[in-house]
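The values are calculated or read from the model by the stated rules, or taken from the named source; none is laboratory data. Computed from a predicted structure; not experimentally measured. In this analysis, Cβ positions are derived from the backbone assuming ideal geometry, glycine residues included, and neighbour counts consider all displayed protein chains. SASA here: full protein model, heavy atoms, side chains in, ligands and nucleic acids out. Shrake-Rupley method; radii C 1.70, N 1.55, O 1.52, S 1.80 Å.
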Amino acid sequence: MNQYSILQHPTLGLEAVKNGWSWPAFLFTWIWAFVKRLYVIGWIALLAVMLLSSIPSPEVWLVGNLIISIAMGAKGNELRVKRLRDLGYEEVATVGARTPDAALAAHLASGGGENPIPPEGIVR
């Protein structure tokens, strides 16, 4: 079971972000960053990968890509929480669950605040 931070925005709804390591961020680095709307991080990772691909040494390419992947896996979810906070989300709970949807359901089942779901619904 994973721990998820539940973040709430007054008009945009709820988000559940897993705490700790992110396998999708590790495996898909810049693609994951763009999907999660971490555009600056995505461009930095993409440009770093492109720069590494221009180096003729396969060892440098492999080690460089591994470093980028490990950094994204270790810090990706933290960067996502930071972005959401910058957008006005507030952390309202930490929930243990297997999936983000289960974390949101557990949060809502526990009372989830005064007005947990805006008219637009839950945002993931």
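Here are the numbers for the structure shown:
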item: Residue in segment 51-97 that is most open to solvent (accessible area, probe 1.4 Å), counting only those that are of a type in the set (Gly, Ala, Ser) and assigned to a helix (DSSP H, G or I); result: Ser53
item: Enumeration of residues in segment 30-50 that are in a helix (DSSP H, G or I) and under 11 Å from the mean Cα position of the chain (by Cα); result: Trp32, Ala33, Phe34, Val35
item: Matching residues, segment 98-109, being in a helix (DSSP H, G or I) and either surrounded by 14 or more Cβ atoms within 10 Å (Cβ to Cβ) or not charged (D, E, K, R) (or both); result: Pro100, Ala102, Ala103, Leu104, Ala105, Ala106, His107, Leu108, Ala109
item: Filter result (under 12 Å from the mean Cα position of the chain (by Cα), outside any helix (DSSP H, G or I) and loosely packed, with under 13 Cβ neighbours inside 10 Å) within segment 3-29; result: Gly20
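Here is a yes/no grid of residues against (1) of a type in the set (A, V, I, L, M); (2) touching a Pro at 6+ places or on another chain (Cβ under 6 Å); (3) closer than 29 Å to Leu108 by Cβ:
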site	(1), (2), (3)
Ser5	no, no, yes
Glu15	no, no, yes
Asn19	no, no, yes
Thr29	no, no, no
Trp32	no, yes, yes
Trp61	no, no, no
